[in-house]
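**Student:** Shown below is the structure under consideration.
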Amino acid sequence: MTAKAVGQAFNAALAAEGGSAPVWLTLNALTRGHSATQLELARALHIEGPTMARHLDNMERAGFVVRTRSETDRRAVRVELTDAGRAAHERMRGAVIAFDRRLRDGLSQEDVRRLEETLVRLAENVGVAPPEGR
């Protein structure tokens, strides 16, 4: 129930800036240069190809990304951020930082460290690798 409540609150914070969790995750991955193709991006975000395509369709309509066929591999579709996508990422980044502060309110650094360790352990217990950067 807590995960669902936090997820809904996070989505609401992003929606106030014109986004959603999938849009934020995609823009963030592209901003960090984690992928060059649609398939690589889907793998980096641990989502299925058709789901990634649907998110990118919406993001392309919003003007956040452009997709082009790779010149070297016609099967590959390259995904690139637009200036509007970079601006949207910055707006959402502010909302993410504010949400994180709100979420951690009243927690000590030790509380947060223990929580992070516990969440990583739970993910490992169900066969999910820890997030990048851990």
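The values are calculated or read from the model by the stated rules, or taken from the named source; none is laboratory data. Predicted model only: the values in this text are computed from it and were never measured. Ideal geometry is used to build each Cβ from the backbone, glycine not excepted, and the neighbour counts take in all protein chains shown.
**Student:** What number of residues within region 23-42 are surrounded by fewer than 16 Cβ atoms within 10 Å (Cβ to Cβ) and within 12 Å of the chain's Cα centre (by Cα)?
**Tutor:** 4
**Student:** Could you tell me which residue of region 8-22 is surrounded by the fewest Cβ atoms within 10 Å (Cβ to Cβ), considering only residues that are of a type in the set (A, V, I, L, M) and touching a helix residue (DSSP H, G or I) at 6+ places or on another chain (Cβ under 6 Å)? Reasoning before the result, please.
**Tutor:** Filtering region 8-22 down to residues of a type in the set (A, V, I, L, M) leaves 9, 12-16, 21.
Subset that is touching a helix residue (DSSP H, G or I) at 6+ places or on another chain (Cβ under 6 Å): 13-14, 21.
Working: A13: 21, L14: 21, A21: 14.
Per the stated criteria, the residue is A21.
**Student:** Let me ask another. Kindly list the number of the only condition in (1) small (G, A, S); (2) in contact with a helix residue (DSSP H, G or I) (Cβ under 8 Å, 6 or more places away or on another chain); (3) free of Cβ contacts under 8 Å to residues at least 60 places away in the same chain that fails for G127.
**Tutor:** Here G127 meets the rest and fails (2).
**Student:** Considering only region 30-67, state which residues are among the hydroxyl-bearing types (S, T, Y) and farther than 16 Å from G85 by Cα. First the steps, then the outcome.
**Tutor:** Within region 30-67, the subset among the hydroxyl-bearing types (S, T, Y) is 31, 35, 37, 51.
Across region 30-67, the qualifying residues are T37, T51.
**Student:** Looking at the structure I just gave you, is M52 assigned to a helix (DSSP H, G or I) and touching a strand residue (DSSP E or B) at 6+ places or on another chain (Cβ under 6 Å)? Break it down stepwise before answering.
**Tutor:** Values: assigned to a helix (DSSP H, G or I): yes; touching a strand residue (DSSP E or B) at 6+ places or on another chain (Cβ under 6 Å): no.
Against the criterion (assigned to a helix (DSSP H, G or I) and touching a strand residue (DSSP E or B) at 6+ places or on another chain (Cβ under 6 Å)), M52 does not qualify.
**Student:** Please go through region 1-46 and give me each residue that is touching a His at 6+ places or on another chain (Cβ under 8 Å) and either of a type in the set (G, A, S) or not in a helix (DSSP H, G or I) (or both), ordered by number.
**Tutor:** A44
**Student:** In region 59-77, which residues are at pLDDT below 95, surrounded by 15 or more Cβ atoms within 10 Å (Cβ to Cβ) and not hydrophobic (A, V, I, L, M, F, W, C)?
**Tutor:** R67
**Student:** Pairs please, first residue from region 32-54 and more than 15 Å from A76 (Cβ to Cβ), second anywhere and among the hydrophobic types (A, V, I, L, M, F, W, C) and not in a helix (DSSP H, G or I), Cβ atoms under 9 Å, 6+ apart in sequence or on different chains.
**Tutor:** H46/V128
So that you can scan it fast, the table gives a plain yes or no per residue for (1) surrounded by 11 or more Cβ atoms within 10 Å (Cβ to Cβ); (2) farther than 30 Å from T37 by Cβ; (3) among the β-branched types (V, I, T):
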site: V79; (1), (2), (3): yes, no, yes
site: A84; (1), (2), (3): yes, no, no
site: A87; (1), (2), (3): yes, no, no
site: M92; (1), (2), (3): yes, no, no
site: R104; (1), (2), (3): yes, yes, no
site: D111; (1), (2), (3): yes, yes, no
site: E116; (1), (2), (3): yes, yes, no
site: A123; (1), (2), (3): yes, no, no
site: A129; (1), (2), (3): no, no, no
